[in-house]
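To start, the structure under review is shown below, and the notes come after it.
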Amino acid sequence: MTSAMVALRFMKTDNERPVPRKAKRVFDNTVRSADPVLRERHADQMAAIAQRRCRSAFESLFSYYAPRVKGFMLRLGAADAEAEELAQDVMITVWQKAGMYDRAQASVSTWIFRIARNRRIDAQRRQRRPELSAEDPILQPPEIETPDQTVSRQQLDLVVRDRLTRLPQDQLILIQAAFYDGLSHSEIARTFNLPLGTVKSRIRLAFTRLKGELEGGV
């Protein structure tokens, strides 16, 4: 049984919703062809899939494109297993969305490899930003403060605000911009038309002064 036929076993046809599953492995024996006859044949096969859910047409496209898509994924840096899985996913998408293909706009090859490129980009994004578990500590609600903790925090806030008012004006406005307005040092420099080094120096001096006063209980 061919890979395409195996893939089709996991797709429901006609009015049933297609459910993708993994097919048998495909192997990379990439070749390229600009044959206009082949281009038209592939476009006809896409039409057959879109209009009649033709399995033989899909099997033909699968046999031709699945190895090439896998080779494309490998060239983009995917590992063998990942390239295999992405190729399967791309070809299942071809089956599911054949009706979206327009032969007047692009060749089947262009359309399929556009899907493949997007799948690879999506995969790379997921790798850079893995899904968070519901048990991840950063998703847990903060602990409820006790009354004593609330009073202590409020008292500390009052002390800090008082110490801020004692800063020189040129330092105070930069501290406020950084911590109340959320501006970066570069944004502060542009906003107040100051050299970046001056901004960093004044904020550092303000921190040093605040730290000394808080630790000294002044």
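For the reader, a short list of remarks on this structure follows.
- Candidate set from region 58-74 (those that are surrounded by 24 or more Cβ atoms within 10 Å (Cβ to Cβ) and under 23 Å from the mean Cα position of the chain (by Cα)); member that is farthest from residue 92 (Cα to Cα): 73
- Residue check, residue 123 part of a helix (DSSP H, G or I) and modelled with pLDDT of 90 or more: no
- Unmet criterion (only one of (1) assigned by TED's automatic domain parsing to the domain that holds residue 39; (2) at pLDDT below 90) for residue 98: (2)
- Filtered by the rule that a residue be of a type in the set (Val, Ile, Thr) and modelled with pLDDT under 80, region 192-218 gives a lone residue, 218.
- Any hit, region 35-56, residues being at pLDDT below 90 and buried (at least 18 other Cβ atoms within 10 Å of the Cβ): no
The values are calculated or read from the model by the stated rules, or taken from the named source; none is laboratory data. These numbers were taken from a predicted model, which means no experiment stands behind them. We place every Cβ from the backbone using ideal geometry, glycine too, and count neighbours over all the protein chains shown.
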